[in-house]
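**Student:** My questions all concern the structure below.
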Amino acid sequence: MSQELDIEAMKSQFLNEVFDVQHFVADAKALADYAAACGETAPQFTDPSHPDFQAPPTFASSFHAGRRMPENFPTLPGLGMDAGKAVQSIKPIRPGVTLTGKSHMHDIYTKTGRSGRMVFFVIRMEIFDESDTQLASADTSVVIRERPST
Amino acid sequence: MTISKISEVEFGETLPAFQPDTTMPNVRRFAKAAGWEGGRFTDHDHARKEGLPGALVPGIMSQGFLSAMIHHWAPAAQIKNVDTVFRAPVIVDQVYSISGVVTDIDLDSGRVEIDLTVTNEANETRVFGTAKVLLPI
């Protein structure tokens, strides 16, 4: 029996609808440790007393949504694996600021190879500050391999 | 040699090699800072019980290594995008190196595109990334 997902139906039902909202406050020491562990050496990333202290540019990737997929999303025929992450830095993330992360399904697409079809789900979290200015976005790509038809 | 402005960058230029710190103490420090303290990242035995070859370096830490490498090469670079594909696990306490090459330059805007690759000691690609950065004009 085929396990194929109806991609077009999923796209029309779920794309671009915010399904999760979370709030975060970045701690200065945690930001500095994050940066230093990654190998950053510039004081604007590693020294909280620096006048331009800010999160390293990929920090937005570390935020978790409260739920992985939209409500009523179909059960996936396989275990989703993390296929990649993309981060866009628009403005600096500063410590002590209340951030709001809004997540939506940004894209659903397939790739087909000799071993069958793989389905990719791109979940985008957009990060805003207290004045609703967008600071960053972070994409998480989850891939599942569909079971072949029998 | 470090880069301070766009006119110093050459197409095809290779960034200085970067060897990330993937030791357990450093990964634990990162995991705590990121709030990603799961045993699969911080404990080899725990990870092996989950069927993994060892504790994993979080994907977001690999992404952070790429950004640090760019800043070592061009301290004034503003990193606008980093897109990473995780091809295979990066294991804690194993040795990796990161290479980078400039694949596009826009002298008018100061934009540079860089391909970045994390490889293990067998020269197998574990993570591949593309970064878009802005340099002073």
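The values are calculated or read from the model by the stated rules, or taken from the named source; none is laboratory data. None of the values given here were measured: they were computed from a predicted structure. Reconstructed Cβ throughout: ideal geometry from the backbone, glycine too, with neighbour counts over all protein chains shown.
**Student:** Run down B:Val101, B:Val118 and say which single residue is touching a residue at least 60 places away in the same chain (Cβ under 8 Å), under 14 Å from the mean Cα position of the chain (by Cα) and surrounded by fewer than 16 Cβ atoms within 10 Å (Cβ to Cβ).
**Tutor:** It is B:Val101.
**Student:** Filter region A:74-103 down to residues that are assigned to a loop (DSSP other than H, G, I, E, B) and modelled with pLDDT under 90 and give me whichever is nearest to A:Leu135 (Cα to Cα).
**Tutor:** It comes out as A:Gly80.
**Student:** Hey, another quick one. Of all residues in region A:110-150, which are among the polar types (S, T, N, Q), over 17 Å from A:Asp20 (Cα atoms) and part of a strand (DSSP E or B)?
**Tutor:** The answer is A:Thr110, A:Thr112.
**Student:** Just the residues that are touching a strand residue (DSSP E or B) at 6+ places or on another chain (Cβ under 7 Å) and polar (S, T, N, Q), please, taken from region A:89-114.
**Tutor:** Within region A:89-114, A:Ser89, A:Thr98, A:Thr100, A:Ser103, A:Thr110 meet the criteria.
**Student:** Going by what's in this entry, would B:Lys80 be described as out of contact with any helix residue (DSSP H, G or I) (no Cβ under 6 Å at 6 or more places or on another chain), in a helix (DSSP H, G or I) and surrounded by fewer than 23 Cβ atoms within 10 Å (Cβ to Cβ)?
**Tutor:** No.
**Student:** A further question on this structure: Hey, A:Met118 hits all of (1) in contact with a Phe, Trp or Tyr (Cβ under 8 Å, 6 or more places away or on another chain); (2) within 14 Å of another protein chain (Cβ to nearest Cβ) but one; which does it fall short on?
**Tutor:** Failed condition: (1).
**Student:** Go through region B:29-39 and count every residue that is farther than 29 Å from B:Val102 by Cα, at the interface with chain A (Cβ under 9 Å from one of its Cβ atoms) and either within 15 Å of the chain's Cα centre (by Cα) or outside any loop (DSSP other than H, G, I, E, B) (or both).
**Tutor:** 5
**Student:** Give the residues of region A:9-41 that are aromatic (Phe, Trp, Tyr) and either free of Cβ contacts under 8 Å to residues at least 12 places away in the same chain or at the interface with another protein chain (Cβ under 10 Å from one of its Cβ atoms) (or both), sorted by residue number.
**Tutor:** Listed by number, the residues that qualify are A:Phe24, A:Tyr34.
**Student:** Let me ask something else about it. Out of region A:75-103, which residues are within 11 Å of chain B (Cβ to nearest Cβ) and either within 17 Å of A:Gln54 (Cα to Cα) or charged (D, E, K, R) (or both)?
**Tutor:** A:Asp82, A:Lys85, A:Val87, A:Gln88, A:Ser89, A:Ile90, A:Lys91, A:Pro92
**Student:** Looking at (1) on the phi < 0 side of the Ramachandran plot; (2) surrounded by fewer than 17 Cβ atoms within 10 Å (Cβ to Cβ); (3) at pLDDT 95 or above, which is the only condition B:Tyr96 fails?
**Tutor:** Every condition holds for B:Tyr96 apart from (2).
**Student:** Out of the residues in region B:40-70 that are within 12 Å of another protein chain (Cβ to nearest Cβ) and out of contact with any strand residue (DSSP E or B) (no Cβ under 8 Å at 6 or more places or on another chain), which is farthest from B:Met24 (Cα to Cα)?
**Tutor:** Selected residue: B:Gly51.
**Student:** Would you confirm whether or not region B:13-36 contains a residue that is at pLDDT 95 or above, within 17 Å of B:Lys132 (Cβ to Cβ) and surrounded by fewer than 21 Cβ atoms within 10 Å (Cβ to Cβ)?
**Tutor:** The answer is yes; a qualifying residue exists.
**Student:** Let me ask something else. Out of the residues in region A:42-63 that are part of a loop (DSSP other than H, G, I, E, B) and either in contact with a strand residue (DSSP E or B) (Cβ under 7 Å, 6 or more places away or on another chain) or under 25 Å from A:Ser12 (Cβ atoms) (or both), which is farthest from the other protein chains (Cβ to nearest Cβ)?
**Tutor:** A:Phe63
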